[in-house]
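> So that we are looking at the same thing, I have put the structure below in structure tokens.
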Amino acid sequence: MMTKTAMLPLVTLLSMLLAASVPAQQLYSDSERSVLARVLPNTKLSLPTALKTSERMGTPLSARIEVQDNDLVISVYTAKNDDFSEVVFSARSGSILKVQPVDGLKRAAAKGETASLIGATVPLHEAVHRAERANPGYWAIRVIPGVVENRPVAIVMLTKNNAFRTVAEDLY
């Protein structure tokens, strides 16, 4: 029987593979992809900046850009001690719209993301910056941590003109 510690890399790798294998076209509807393409270049706040800003509330675990009411918001999940929060930003203005505690399934996911970041020496915002620099013209729209060969990585989804790609950046 495998221990919980021994299962963590396997579970994390499986979740990463599932996340990476879900095409962005399934994560965002046609209308949401249209809003992303139209609004993203004019936003004041980028995903890496939201990750960096949210460090005041705890360690950033993951983040994503979402379409709400034909506009973009950035949700960053953070951990501080045993507390998990979702920090929601307006991508257009850069302001924090709300900070709320995370519970239920989102809390369980946040605990898994925390475990994936064990041993990370590179902050998520820096890994996302690297992914954007390596893919000129692309904007990061989602990042989740994972573990590959017992090393922490950031899985970053990027978009440019309705084209999507997913890359992995080392966090060590």
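All of the numbers you see were taken from the coordinates with simple rules; none came from a lab. Fair warning: this is a prediction, and the values are worked out from it, not measured in the lab.
> Given Lys44/Lys160; Lys52/Lys80; Lys44/Lys80, which pairs have Cα atoms separated by over 23 Å? Intermediate values should be presented prior to the final figure.
Working: Lys44/Lys160 17 Å; Lys52/Lys80 15 Å; Lys44/Lys80 27 Å.
Those over the limit are Lys44/Lys80.
> Based on C-alpha coordinates, I'd like the Rg and Dmax of the stretch 38-115, in Å.
For the stretch 38-115, the Cα-based Rg and Dmax read 12.3, 38 Å.
> Continuing with this model, one more query. Pull up all non-local amide H partners of Val147: gap of 5 or more, or a different chain, and H-to-H distance under 5 Å with H placed in the peptide plane.
Residues meeting the criterion, in which the H sits 1.01 Å from N, are Leu13, Val153.
> Let me ask something additional. Apply the Karplus parameterisation 6.51 cos²θ - 1.76 cosθ + 1.60, with θ equal to phi minus 60°, to every residue of the stretch 74-82 and state each ³J(HN,Hα) to the nearest whole Hz, in sequence, with x for glycine and proline.
Once θ is set to phi - 60°, the couplings for the stretch 74-82 become 10, 9, 10, 9, 10, 10, 9, 6, 9 Hz.
> The stretch 122-172 to the stretch 42-105: how many Å between their Cα centroids?
17
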